[in-house]
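Note sheet for the following structure.
The values are calculated or read from the model by the stated rules, or taken from the named source; none is laboratory data. Only a predicted model underlies this, so the values are computations on that prediction, with no experimental measurement involved. All Cβ positions, glycine included, derive from the backbone under ideal geometry; neighbour counts span all protein chains shown.
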């Protein structure tokens with residue numbers, strides 16, 4: 001039986017055949033320490049993941065609707081946690097999934113996949129291979145687990161996003177990050193998914209689109 005992410009049973013995933021460990025966190029054997037970018041919805045455990053890795057402690061933000069986001073200063077130091085700005089149909093500006101505009105309108109907002117910019121494929125021997133420079137680790141716990149973790153965290157008052165916790169919003173956030181992960185994978189970027197930081201990474205079972213732009 002193929003492995004599943006609890007909140008995303010529709011994804012066709014497979015186990016990574018060979019893993020190694022960075023500070024007791026399992027990663028694919030081909031991954032280098034300074035490639036890792038950790039992302040996922042609020043409350044997924046990204047900061048904990050980065051602390052365990054011994055990565056860069058400051059959060060970054062990347063607007064995926066901007067051409068050249070792969071050259072952003074936020075990605076210059078890795079491993080690092082990043083929040084993603086996503087394009088939505090009918091919205092000019094990208095939204096992070098903790099923005100008030102997304103939290104208030106998430107039920108009607110639809111991801112505009114065609115506006116997600118992607119690094120160009122490598123064309124020449126000496127050109128930068130942006131698609132292999134980064135490894136995106138998508139941390140996607142079950143929504144119910146994120147909900148309970150965030151409610152416990154809210155009692156400490158450490159994160160403004162926890163002022164409003166809605167399980168349906170969390171489900172939508174997990175689905176959106178899964179859509180981004182699929183798009184990245186289909187266009188030849190290095191993508192892994194897991195529910196919790198100690199889990200072995202999963203990858204998409206299908207092959208990327210050859211030469212995808």
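Miscellaneous remarks
- Residues (over 15 Å from residue 198 (Cα atoms), under 17 Å from the mean Cα position of the chain (by Cα) and either at pLDDT 90 or above or exposed (fewer than 10 other Cβ atoms within 10 Å of the Cβ) (or both)) located in region 1-11: 6, 8, 11
- Selection status of residue 206, over 15 Å from the mean Cα position of the chain (by Cα), farther than 18 Å from residue 99 by Cβ and either touching a residue at least 60 places away in the same chain (Cβ under 8 Å) or assigned to a helix (DSSP H, G or I) (or both): yes
- Qualifying residue in region 84-102 (condition: without any contact (Cβ under 8 Å) to a residue 40 or more places away in the chain, assigned to a helix (DSSP H, G or I) and within 28 Å of residue 186 (Cβ to Cβ)): yes
- Test: residue 176 is modelled with pLDDT of 95 or more, closer than 21 Å to residue 5 by Cβ, in a loop (DSSP other than H, G, I, E, B) and under 18 Å from the mean Cα position of the chain (by Cα): no
- Listed conditions (1) farther than 24 Å from residue 195 by Cβ; (2) modelled with pLDDT of 95 or more are all met by residue 123, apart from (2).
- Of all the residues in region 32-48, those that are buried (at least 18 other Cβ atoms within 10 Å of the Cβ) and touching a strand residue (DSSP E or B) at 6+ places or on another chain (Cβ under 7 Å) number 8.
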